[in-house]
Every structure is written in C-alpha cells, then in structure tokens.
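The values are calculated or read from the model by the stated rules, or taken from the named source; none is laboratory data. What you see is a predicted model, and the numbers here were worked out from it, not measured in a lab. Cβ atoms come from the backbone with ideal geometry, glycine included; neighbour counts cover every protein chain shown. Accessible surface areas use protein heavy atoms only, side chains included; no ligands, DNA or RNA. Shrake-Rupley method; radii C 1.70, N 1.55, O 1.52, S 1.80 Å.
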Amino acid sequence: MAEVAPILAARDVHRTYRFGQVEVPVLRGASISIAPGEWVAILGQSGSGKSTLMHLLGGLDRPDPGRGTIDFDGRAVNLGAGRSLDRYRNRDVGFVFQFYHLLPELSVLENACLPGLVGGWFGGARANAARRRAAELLDQAGLSHRLRHRPAELSGGERQRVAIARALVNGPRVLLADEPTGNLDATTGASILDLIAAQHAQGLTVAMVTHDTSVAARAQRVVRLRDGQVVED
Ligand SMILES: Nc1ncnc2c1ncn2[C@@H]1O[C@H](COP(=O)(O)OP(=O)(O)O)[C@@H](O)[C@H]1O
Ligand SMILES: [Mg+2]
C-alpha cells in the first residue's frame with residue numbers, strides 16, 4: 001500500500017524532565033505517524049510517558065530543544081510560537097483528559113462553547129456559531145436535556161461527554177484523548193468509546209492513550225510506548 005502522508009506525526013522526540021541535577025529521560029526518540037481518518041491507540045504502563053507524548057502531540061509541551069519535531073499536516077508545530085501555536089491548540093486538535101477539566105462555574109453549554117469563544121468576542125457572530133455547534137454536539141452526545149446544568153450535577157460519563165463536545169466544537173481534524181475512560185466504570189467507558197467511534201466514523205482522526213488493552217482494542221491500530229519509544233504492537 002502506498003504510504004499516506006500523516007496528518008499528525010512525532011519524529012524522534014525526546015523529552016527529559018529535570019529535577020535540579022537529576023535528569024529523567026521519559027521519551028527517548030519516540031516516533032509515530034497517524035494517517036488522516038485513522039484511530040490509533042497508544043498503550044503503555046503507568047509512568048511510561050503516555051501523557052507526556054500526548055502533550056507534545058497537542059502542542060501543550062515541547063520536545064527537548066533540537067530533539068525531535070511534531071508535524072501537523074506536513075508542518076512542524078513545535079517550533080512555531082505565539083499565535084500559530086495557539087491556533088494549532090485551539091483549532092487543529094481537540095483534547096480530552098481523564099479528569100474532564102470542566103469549569104465548575106459554567107453550564108454544560110458554556111463549557112462546550114468555550115474554545116469557540118477564544119480569540120472571538122462574547123455575543124458576536126462567532127460566539128453564536130460556537131453555541132450552535134456546541135448544542136449540536138451535546139445533542140449527539142445525548143445531553144440536550146442538560147445544557148443549563150453545572151458539571152457537578154452530572155455523572156462522570158456525562159462530564160466526559162461534555163468534554164468531548166468541547167474538544168470538537170472548533171471542528172479539529174484530530175482528537176487527542178488521554179485515558180478518556182480511565183475514571184469510568186467499564187459500561188460507562190464503553191459508551192464514551194461508542195461516542196468517539198461515532199465521530200471517527202464521520203472522519204475524525206483519533207489518537208488515544210490508555211493502559212487498558214480492552215480499551216485499546218477499540219482502535220484500528222495499537223502501538224506501545226516502551227522504554228521511551230513507540231513500538232508496533
Ligand atoms: N511535569 C513533570 N515534571 C516532572 N516529571 C514529570 C512531569 N510529568 C511527568 N513526569 C514524569 O514522567 C514520567 C512519565 O509520566 P507521564 O507521561 O504522565 O506517564 P503516563 O501518562 O504514561 O502515566 C513519570 O515518571 C512522571 O513522574
Ligand atoms: Mg498519563
């Protein structure tokens with residue numbers, strides 16, 4: 001099969017954490033290529049560097065200086081600073097975390113709209129479009145009766161559905177999910193994976209990290225993070 005140009009790739013990335021004189025190399029030449037429309041799972045034990053890799057892929061953190069690149073749609077994202085990196089994080093990729101990270105003071109609808117308001121202005125045409133798109137995504141997630149509720153009034157699974165709607169509100173091409181079911185029971189977790197699968201079926205590219213082989217089995221391709229490198233399963 002001809003090689004498809006990846007939508008997102010990490011190329012030989014290194015990431016070392018420093019504690020004073022002590023250096024902890026977490027990623028040691030990790031590479032992964034994710035094709036457009038693919039759903040890939042990255043399996044690894046706790047502490048293997050899964051979240052570190054996701055943060056690099058999402059532009060939330062950078063590789064060690066000069067030691068690897070993150071490429072989105074053929075262009076390095078980790079070298080750009082300021083506006084272009086903000087834009088990448090806000091528009092090109094969506095992030096879902098294990099612990100939802102919703103804002104407790106905001107309603108479900110407001111939480112889901114939030115990335116659509118960044119760089120715009122409240123009440124403007126862009127905000128209205130974000131509100132419509134958020135309401136549509138929340139409806140697809142089965143939450144149309146919860147729009148005015150606060151996160152504290154929702155179950156864990158419902159909160160993660162809101163987080164997925166928020167991640168998708170700006171129409172990113174790639175969803176990055178860091179243990180999206182890690183805080184949920186198996187049945188609720190499966191329904192979250194069903195929601196991700198439905199978005200994937202509509203063309204969304206998904207990169208998901210997990211320590212759970214049964215969760216990873218929902219993806220089309222499974223790779224492992226081991227000794228700071230990505231190896232094919
Ligand atoms: N911000 C940080 N500062 C220092 N050490 C960190 C930081 N983030 C992660 N680590 C360390 O890096 C290793 C990998 O962490 P992480 O990427 O969170 O692994 P995983 O998500 O696979 O559990 C762990 O040993 C962790 O303690
Ligand atoms: Mg983690």
- Item | Amide H partners (placed H, <5 Å) of LEU175, local residues excluded | GLY94, THR205, VAL206, ALA207
- Compute the normalised compactness of segment 137-225: alpha-carbon radius of gyration over 2.2 N^0.38 Å, N being the residue count. 1.07
- For segment 24-36, 3J(HN,Hα) per residue [Karplus equation, 6.51 cos²θ - 1.76 cosθ + 1.60, θ = phi - 60°, Hz, x = Gly/Pro]: 10, x, 9, 9, 10, x, 7, 9, 8, 10, 10, 7, x
- Task: Pop the C-beta distance of SER144 and ASP86 into the FRET formula with R0 = 22 Å and round what comes out to the nearest 0.05.
- Result: 0.10
- Message: Suppose accessible area is computed on protein heavy atoms with a 1.4 Å probe; arrange SER214, SER107, SER46 from highest to lowest.
- Response: SER46, SER214, SER107
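Roughly speaking, to the nearest percent, how much of segment 8-232's 1.4 Å accessible area is carbon and sulfur?
The computed percentage sits at 50.
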- Order the following by accessible area, largest value first: ARG18, ARG161. Probe radius 1.4 Å; ligands, DNA and RNA are ignored. ARG18, ARG161
- Query: Using Cα pairs under 8 angstrom and six or more residues apart, how large is the relative contact order of the chain, in percent?
  - Reply: 29 percent
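If R0 is 35 Å, what FRET efficiency do you get for VAL4 and VAL24 from their C-beta distance, rounded to 0.05?
0.50
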- Accessible-area order for HIS211, HIS55, HIS14, largest to smallest, probe 1.4 angstrom, reads HIS211, HIS55, HIS14
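Helix-only mean residue ellipticity at 222 nm, the chain, DSSP H runs n ≥ 4 weighted -39,500 (n - 2.57), per residue, nearest 500. What is it? Provide the component values of the computation, followed by the final result.
On the way: 7 runs with 72 residues, N = 233.
Here the helix-only value at 222 nm equals -9000 deg cm²/dmol.
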- Return P(r) of the chain (all Cα-Cα pairs; 5 Å bins starting at 0; whole %; ordered from short to long distances). 1, 7, 14, 18, 19, 16, 12, 8, 3, 1, 0
- Whole-Hz couplings from phi, Karplus 6.51/-1.76/1.60, listed for segment 144-153; x for Gly and Pro: 5, 8, 10, 4, 8, 6, 8, x, 4, 8
- Note on the structure: Full extension between LEU106 and ALA129 adds, at 0.36 nm per residue less the Cα distance, a length in nm of 6.4 nm
- Residues whose modelled amide H sits under 5 Å from the amide H of VAL230, counting only those 5 or more places away in sequence or on another chain, are SER31
